[in-house]
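The values are calculated or read from the model by the stated rules, or taken from the named source; none is laboratory data. Because the structure is a prediction, the values reported are computed rather than measured. When we count neighbours, we look across all protein chains shown, and the Cβ atoms used for this are built from the backbone with ideal geometry, even at glycine. Areas reflect the complete protein model, heavy atoms only, side chains present, ligands, DNA and RNA absent. Shrake-Rupley method; radii C 1.70, N 1.55, O 1.52, S 1.80 Å.
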Amino acid sequence: MAVKTFKAMLVEEVKGGKFIRKITQRSLDDLPEGEVLVKVHYSSLNYKDGLSATGHRGVTKNYPHTPGVDAAGVVEQSLSPSFHPGDPVIVTSYDLGMNTPGGFGQYIRVPAAWVVPLPDNLSLRESMAYGSAGLTAGFCMLKLQEHGITPETGEILVSGATGGVGSFAVAMLALVGYQVVAVTGKMDEKQFLIDLGAKRVISRSEATDTSGKPLLKGRWAGVVDTVGGEILATAIRSTKLHGAVTCCGNVASPDLHINVYPFILRGISLIGINSQSCPMTFRQRTWEKIANEWKVPDLDRQTSLCSLEQLDGEIDRILAGKQKGRVIVALAG
Ligand SMILES: NC(=O)c1ccc[n+]([C@@H]2O[C@H](COP(=O)([O-])OP(=O)(O)OC[C@H]3O[C@@H](n4cnc5c(N)ncnc54)[C@H](OP(=O)(O)O)[C@@H]3O)[C@@H](O)[C@H]2O)c1
């Protein structure tokens, strides 16, 4: 193999505890040991990457570091019998981009156990339109379905709806017939959410009740919450009898002020989502659904493409809660 160096984003700590980001040349020798070397064609930007790119030690302990929890590309070398040079593959989460150099570099080297063969009917670029965010939306949806929430059960509330996880939750739920009510802080993006399939769009203030009542009128059969805090607390208290609420994010707050009444009087299930350590069988099942019955038509509507050099500004936008849909990062070439 001729390639010895490749381009990557590197986040470094400088004087005063500050962190800088630069695009630089890295060597294959800088990558950790692992069974599968992948030439990355596309990555994508997630909220967690924003944290890693700004020195958040809860995500990345050691710097200098290359973030990127998502990567899709082609196997270049493999010590595993499961993968061969030329295989198109997806690698998302586990430790990628956290303490293992991630998808914001043109090569990654990872354990074979992290690698998913690209499903038929999905291109590398399409897989990164979804990335960890779309996959997480898929996990939430599959969990709601496992809890018996069907399109007939009633409306589904999705919070952080213009974000990566939220926008895919809206689009995929609507695609298979659910009535989706989208919560957003960007009411000027109402039409974007309607076009994705939302039946109604409500503001964050409409989705936040501070009355202190333990139970509110039951409105939602299911909830995909991506923000936490008061919106999640309100959603739980507004969920109908035997409804289910998935919880995956904390962009609003990690706190949850509720009591046990929604659980013991309404039988509501609160389902935690951890995509990072999600078992491979559930992961592959979700990718198969994404590639087939949940495949969103016209993915370009909710994605934009940027180069490694253009990624810096996109990182600032996602951390400010201003991102709409998903940003795909093109690395090949
Ligand atoms: N548990 C897991 O496995 C897992 C996997 C993936 C992501 N996550 C987490 O899920 C969350 C969403 O990830 P993402 O990639 O979708 O992020 P994102 O693209 O930045 O979207 C988050 C959205 O939340 C809303 N928001 C931002 N600040 C808010 C605030 N202060 N109060 C209420 N809403 C706010 C915004 O949407 P609106 O303007 O439309 O309200 C924003 O677009 C993050 O916390 C991320 O770490 C967890």
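Using a Gaussian network model of the chain with C-alpha springs under 10 Å, which one of V183, V69, V251 is most mobile by mean-square fluctuation?
Top of the fluctuation ranking is V251.
For the cross-link pairs K186/K289; K4/K39; K61/K322; K39/K322; K190/K240, which exceed 20 Å when the distance is taken from alpha carbon to alpha carbon?
Violating the 20 Å Cα-Cα cut-off are K186/K289; K61/K322; K39/K322; K190/K240.
Which value at 222 nm does the chain reach when only helices count, each DSSP H run of 4 or more adding -39,500 (n - 2.57), with the total divided by all residues and rounded to the nearest 500 deg cm²/dmol?
When only DSSP H runs of four or more count, the value is -7500 deg cm²/dmol.
How big is region 139-207 in terms of Cα radius of gyration and Dmax, in angstroms?
11.2, 34
Which FRET efficiency value, to the nearest 0.05, do you get for Y261 and K295 by plugging their Cβ-Cβ distance into 1/(1 + (r/R0)^6) with R0 = 35 Å?
Rounded to the nearest 0.05, the efficiency is 0.35.
Counting only heavy atoms of the protein chains, get the accessible area per residue of the chain (1.4 Å probe) and round it to a whole Å² value.
42
Suppose the chain between A320 and L79 were pulled fully straight at 0.36 nm per residue; how much longer would it get relative to their current alpha carbon spacing?
Here the segment from A320 to L79 would lengthen by 82.6 nm.
Run the paramagnetic zone check for M187: 7 angstrom along Cα to Cβ, then residues of region 228-245 with backbone nitrogen under 20 Å.
From region 228-245, the list is 230-232, 234-235.
Return P(r) of region 1-141 (all Cα-Cα pairs; 5 Å bins starting at 0; whole %; ordered from short to long distances).
Histogram of Cα-Cα distances, whole percents per bin: 2, 11, 21, 23, 20, 13, 7, 3, 1, 0.
Summarise the accessible area of the chain (1.4 Å probe, protein heavy atoms) by the percent that is carbon and sulfur.
51
Straight-line reach from K295: which lysines fall under 20 Å, measuring Cα to Cα and dropping same-chain residues less than 8 apart?
In chain and number order, the partners are K143, K199, K324.
What residue among S80, S93, S44 has the largest mean-square fluctuation in a Gaussian network model of the chain, using Cα springs under 10 Å?
S80
Where is the GNM fluctuation largest for the chain (alpha-carbon springs, 10 angstrom cutoff): T162, T100, T24?
Ranking T162, T100, T24 by mean-square fluctuation puts T24 first.
As an exercise, find the ratio Rg/Rh for region 245-333 from alpha-carbon atoms, using the Kirkwood inverse-distance average for Rh.
That ratio equals 1.06.
Hey, what's the per residue convex hull volume over the C-alpha atoms of region 50-209, in cubic angstrom?
About 156 Å³ per residue, rounded to a whole number.
Between S304 and K61, what length in nm is gained on full extension when 0.36 nm per residue of separation is reduced by their alpha carbon distance?
The span from S304 to K61 would gain 84.5 nm if fully extended.
Any aspartates and glutamates with Cα under 13 Å of the K217 Cα? List them, leaving off those in the same chain fewer than 8 positions away.
Result set, ordered by chain and number: D209.
Using a Debye calculation, one point per C-alpha and no hydration shell, please list log10 I(q)/I(0) for the chain at q = 0.07 Å⁻¹ in order.
-0.28
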